[in-house]
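Take a look at the structure below.
The values are calculated or read from the model by the stated rules, or taken from the named source; none is laboratory data. Every value quoted in this text rests on a predicted model; they were computed, and no experiment measured them. Cβ sites come from the backbone with ideal geometry, for glycine too, and all protein chains shown count toward neighbours. When the accessible area is computed, the model is the full protein with side chains, heavy atoms only, and any ligands, DNA or RNA have been set aside. Shrake-Rupley method; radii C 1.70, N 1.55, O 1.52, S 1.80 Å.
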Amino acid sequence: MKKFQLSALVYLILFFMSTTPGNAAGIAKISYTVSFPEAQAHYVDVEMNITGLAQPSLEVKMPVWAPGSYLVREFAKNIESLSVFANGKPVPAPKINKNTWRINTAGHSSVTVKYKVYAFELSVRTSFIDVSHAFLSTTGIFLFPKGMLNQPSTITIKPYKDWNKVSTSLEMVKGGVFTRTAPNYDILYDSPLEIGTQDVFDFDVDGTHYEVAMYGGGNYDKERLKVDMAKIIRAEAAIYGENPNKHYTFIVHNKQRNGGGLEHLSSTVLGASRDQYGNERGYRGFLGLVAHEHFHLWNVKRLRPIALGPFDYDNENYTTNLWIAEGFTAYYQNLALRYADLTNAEGFLGDMAGDINTVENQPGTKVQPLAESSFDAWIKGYRPNENSYNTGISYYDKGAVVGMLLDLAIINGSNGKYSLNDVMRYMYNTYYKTKKRGYTDAEFKAGFEKFAGSNLDDFYAKYINGLAPIDYNKYLGYAGYKLVDALAETNEPTLGVFTNQRNIISTVIRDGAGWVDGLNVGDQITHIDDTPVTDLAAAIKDKKVGDKIVVTVSRDGQGYKIPVTLKRNTAVKYSITELPNPTPQQLAVRKKWLKM
């Protein structure tokens with residue numbers, strides 16, 4: 001028995017010596033060439049060259065998700081015509097699962113992998129190619145050799161026709177615009193590329209060079225953007241005490257209607273509507289997006305939950321802390337605009353009241369705890385259905401609200417000495433810079449408690465892991481404010497449904513009239529009490545709470561008459577207003593909070 005065990009142990013040692021990532025990757029060199037012979041059909045051709053191999057087989061894989069976007073997107077579905085060659089001859093490379101090909105490398109020290117990728121989904125997290133430009137979201141473009149994620153690579157770009165610019169955070173090789181290098185795959189997969197004729201302008205902020213690449217045109221004012229973006233950058237860097245980047249790239253996709261953003265280590269991709277810069281609301285919305293995504297270069301890209309790095313590109317990476325990573329960033333996007341004097345105190349309070357209204361008007365806030373919302377992002381947050389409004393809550397919205405509560409608690413508890421800024425800086429210095437790893441849930445909680453000067457078990461039990469109603473006025477009261485509901489005295493009747501312009505129901509609100517009496521998503525409301533309906537709100541405006549009506553709907557091609565008892569509209573419309581006669585302590589908290 002002992003002899004067998006020893007032999008087995010020797011075998012395993014020899015096996016791992018010949019196949020472990022470190023050995024396989026030790027001398028391998030990896031390079032890519034991308035070209036666009038069929039840009040009009042939305043394809044990129046990729047050639048991957050790997051040299052210095054010394055193993056009998058090699059697996060190449062495509063990531064299934066893009067960090068920062070918590071959904072398995074199955075990028076391998078866009079790969080076509082994969083083939084492998086060694087010394088100019090074909091090499092077997094069977095596909096062994098949804099995103100992996102196994103290459104027979106026996107007797108070959110180098111191989112060339114060729115494949116095409118279809119790219120026709122212009123979003124901040126997916127690739128898009130046409131004759132005007134190529135946006136390469138790298139997790140969906142570049143295969144990686146299994147076990148070699150720490151290996152460097154070079155990318156050579158053969159541009160389509162008149163494309164003359166590359167905007168990316170990847171470093172140039174010997175000053176070559178179309179040749180870039182990545183020290184490892186985490187950096188490569190965190191560095192999208194915009195290739196084309198985009199409008200580029202740049203500026204410097206305290207030693208960091210910023211490039212803004214605008215695709216799609218728009219009514220933006222470059223000089224105004226330079227000034228205002230610099231204000232945001234300085235305000236955010238001051239929170240952490242440093243800007244860790246030497247250069248940073250904003251890639252902006254301007255479309256007729258667009259929005260959203262995705263953070264990266266040294267860059268970001270923003271979606272904007274090309275005409276939004278010409279009005280103050282639209283312009284301020286764009287600055288808020290800039291503030292949000294840029295703040296991520298600290299919060300989540302460096303100061304991160306322990307589950308989010310090193311990444312597993314084959315599977316979901318679960319964390320209960322997206323309320324910090326994303327929710328706090330949503331809070332700080334508003335706070336950064338206030339710090340930069342791009343909004344006043346009233347504007348900031350209005351933004352926070354908006355977040356509170358979003359949370360309190362969603363029935364799912366009574367169903368899904370905040371930590372669970374983060375953990376289930378993979379199956380719920382990024383995969384909403386017609387009932388999501390009733391069953392879930394956004395870790396963005398509620399996380400921003402919780403950030404505000406903790407900020408106020410810390411300022412008040414420390415008599416104005418500390419704020420949430422001190423927690424973020426402490427955690428950044430402790431876990432990113434010193435310990436060089438992510439934080440656990442317990443460690444961030446301890447960070448809050450360090451500066452709040454109190455135990456937060458009850459806070460976590462109620463608001464992070466539980467479903468207790470939030471005592472807003474307790475926390476707002478620290479700064480001499482309170483919530484006021486403009487709808488508190490109303491008694492407006494409602495069907496408790498959301499509809500589109502054709503009166504087709506898109507959501508049935510939990511415990512509302514339609515929920516109780518059986519209206520369905522997909523029902524088209526055609527009549528109320530036998531009167532044809534064009535405007536649903538107008539059709540019930542003369543009714544009262546408790547009135548019984550008959551709603552005629554078209555459901556699956558058939559008509560149904562459904563008796564419904566109207567219920568009171570329980571929606572809230574909060575604003576944050578000043579308490580009369582605030583105390584010196586309240587005014588001191590307010591001054592610290594709002595930089596007044």
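Quick notes
- Residue in the stretch 405-417 that is of a type in the set (Ser, Thr, Tyr), touching a residue at least 40 places away in the same chain (Cβ under 8 Å) and touching a helix residue (DSSP H, G or I) at 6+ places or on another chain (Cβ under 9 Å) present: no
- Yes/no for residue 304 being buried (at least 20 other Cβ atoms within 10 Å of the Cβ) and either in contact with an Asp or Glu (Cβ under 7 Å, 6 or more places away or on another chain) or of a type in the set (Lys, Arg) (or both): yes
- Scan the stretch 333-371 for residues that are surrounded by fewer than 18 Cβ atoms within 10 Å (Cβ to Cβ), farther than 24 Å from residue 482 by Cβ and not acidic (Asp, Glu) and the total you get is 1.
- In the stretch 432-443, the residues that are closer than 21 Å to residue 265 by Cα, out of contact with any Leu (no Cβ under 9 Å at 6 or more places or on another chain) and of a type outside the set (Val, Ile, Thr): 433, 435, 436, 437
- Single match in 365, 391, 358 (criterion: touching a residue at least 24 places away in the same chain (Cβ under 8 Å) and over 26 Å from residue 452 (Cβ atoms)): 391
- Identity of the residue in the stretch 439-489, among the polar types (S, T, N, Q) and farther than 17 Å from residue 419 by Cβ, that ends up least open to solvent (accessible area, probe 1.4 Å): 440
- In the set (1) modelled with pLDDT of 95 or more; (2) small (Gly, Ala, Ser); (3) open to solvent by less than 30 Å² (accessible area, probe 1.4 Å), residue 309 fails one condition alone, (1).
- Looking only at residues in the stretch 35-63 that are small (Gly, Ala, Ser) and at pLDDT 95 or above, the one that is surrounded by the most Cβ atoms within 10 Å (Cβ to Cβ) is 39.
- For the stretch 74-94, the set of residues classified as without any contact (Cβ under 8 Å) to a residue 12 or more places away in the chain and surrounded by 11 or more Cβ atoms within 10 Å (Cβ to Cβ) consists of 77 only.
- For the residues 353, 340, the requirement of being modelled with pLDDT of 95 or more, among the small types (Gly, Ala, Ser) and in contact with a Phe, Trp or Tyr (Cβ under 9 Å, 6 or more places away or on another chain) singles out 353.
- In the stretch 498-521, residue surrounded by the fewest Cβ atoms within 10 Å (Cβ to Cβ) [restricted to those that are part of a strand (DSSP E or B) and not aliphatic (A, V, I, L, M)]: 506
- Within the stretch 516-567, tally of residues that are more than 22 Å from residue 490 (Cα to Cα) and either touching a strand residue (DSSP E or B) at 6+ places or on another chain (Cβ under 8 Å) or charged (D, E, K, R) (or both): 28
Condition check ((1) among the acidic types (Asp, Glu); (2) touching a strand residue (DSSP E or B) at 6+ places or on another chain (Cβ under 9 Å)) across all residues:
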site	(1), (2)
302	no, no
320	no, yes
356	no, yes
360	yes, yes
368	no, no
387	no, yes
